[in-house]
Amino acid sequence: MNLRRDVFQAIADPTRRSILLLVAAQALTAGAIAANFDTARPTVSKHLQILTECELLAKEQAGREIYYRLNLQKMREIAEFIEPFRQMWDDRFNKLEAVMKKELKKPV
């Protein structure tokens with residue numbers, strides 16, 4: 001793996017997020033993935049390379065074809081890292097909502 005690749009930079013790109021959503025349902029070849037985009041195939045291949053280097057995608061050889069599939073373990077690691085932040089923001093939004101409801105009930 002290229003150590004300069006950052007998982008969060010990789011998923012910041014909308015095309016790469018779209019690729020992850022595509023392969024979440026089933027493993028696909030590079031050609032099948034590229035068929036979903038209006039960009040050149042080499043561009044999609046570069047996105048696949050980045051996602052593979054970040055271990056978000058895994059490659060599987062089946063005959064002459066290479067299939068890309070979601071690396072569920074890596075996705076789980078990311079979700080576990082993000083979860084405390086999600087909980088913190090949920091708590092903050094819940095407190096904000098309570099304050100707003102209280103303010104809306106005050107007479108004008």
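The values are calculated or read from the model by the stated rules, or taken from the named source; none is laboratory data. Model, not experiment: these values are computed from the prediction. Backbone-built Cβ (ideal geometry, glycine too); neighbour counts: all protein chains shown. Quick note on the areas: whole protein, heavy atoms, side chains included, nothing else; ligands and nucleic acids left out. Shrake-Rupley method; radii C 1.70, N 1.55, O 1.52, S 1.80 Å.
Only one entry in K74, K59 is touching a residue at least 40 places away in the same chain (Cβ under 8 Å) and among the basic types (K, R), namely K74.
Looking at the range 27-108, the helices (runs of 4 or more DSSP H) lying wholly inside it that each contain 2 or more residues that are open to solvent by 60 Å² or more (accessible area, probe 1.4 Å) and of a type in the set (V, I, T) sit at 72-105.
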